[in-house]
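Everything on this sheet refers to the single structure shown next.
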Amino acid sequence: MKYIIRVLAILVLLGLATGFYCSYSDEYKEIGEKLIGFSVLGTVIILMPLFIYYSWKGKKFSDYTLSKENIDKMREKGIDKF
């Protein structure tokens, strides 16, 4: 999964770079704008959900919320900002 995300990220960056390069010339301006659009679309629809799933896999959401138990744990450790 990690390698798929890296390859997709490199492809998106290459697509963006190629799109911006092509958009500066009058001859390939439409192709450049389409490349930029498809790169952004691929980032939002494919790359971002895969990255979020991979980074949150195996973690509990309750560890990152401020519940009564977590606030008590923080106070025990000496973090008294609450």
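Read the figures in this text as sums done on the coordinates, not as results from a lab. Just so you know, these numbers come straight off a predicted model, no measurement behind them. All Cβ positions, glycine included, derive from the backbone under ideal geometry; neighbour counts span all protein chains shown.
Just in the range 14-60: which trypsin sites (Lys or Arg not before Pro) are loop by DSSP and have at most 11 other Cβ atoms within 10 Å? Don't jump to the answer; show the numbers that get you there.
Numbers: sites: K29, K34, K57, K59, K60; in loops: K57, K59, K60.
Hits after loop and neighbour filter: K57, K59, K60.
Loop-only check: which GluC sites (Glu not before Pro) in the range 19-82 are DSSP coil with at most 13 other Cβ within 10 angstrom? Walk me through the numbers on the way to the answer.
Numbers: sites: E27, E30, E33, E69, E76; in loops: E27.
Taking the range 19-82 and a limit of 13 other Cβ atoms within 10 Å, the loop GluC sites (Glu not before Pro) found are E27.
How much length, in nm to one decimal, is gained on full extension between R75 and Y21, taken as 0.36 nm per residue of separation minus their Cα-Cα distance? Write down the numbers at each step before the final one.
Values: separation 54, 0.36 × 54 = 19.44 nm, distance 5.41 nm.
Gain in length upon complete extension: 14.0 nm.
Decide, for the range 2-77, between rounded, prolate and oblate: order the square roots of the alpha carbon gyration tensor eigenvalues as a ≥ b ≥ c, take rounded if a/c falls under 1.5, and otherwise choose prolate if a/b is larger than b/c, else oblate. Mind showing how you got there, number by number?
Numbers: a/c = 4.63, a/b = 3.32, b/c = 1.39.
Prolate is the answer for the range 2-77, as a/c is 1.5 or above and a/b outweighs b/c.
Keeping to pairs on different chains or 8 or more places apart, tell me how many lysine pairs in the range 2-77 have Cα atoms under 28 Å apart.
Pairs that pass both the separation and distance tests number 14.
According to a simple spin-label model (label point 7 Å from Cα along Cα-to-Cβ), what is the distance in nm between F51 and M1?
Modelled inter-label distance: 1.6 nm.
Helix by helix, which DSSP H runs in the chain go 15 Å or more along their axis at the Cα atoms and have an average Kyte-Doolittle hydropathy of 1.6 or more?
Details: long enough: 2-23 (31 Å, 1.66); 29-42 (20 Å, 0.49).
Helices meeting the criterion: 2-23.
Going through the range 1-74, which chymotrypsin sites (Phe, Trp or Tyr not before Pro) have at most 13 other Cβ atoms within 10 Å and a DSSP loop state?
Loop-located and lightly packed - Y24.
Excluding S67 itself, calculate the net charge of residues whose Cβ lies under 14 Å from the Cβ of S67, where each Lys or Arg counts +1 and each Asp or Glu counts -1.
Net charge around S67: +1.
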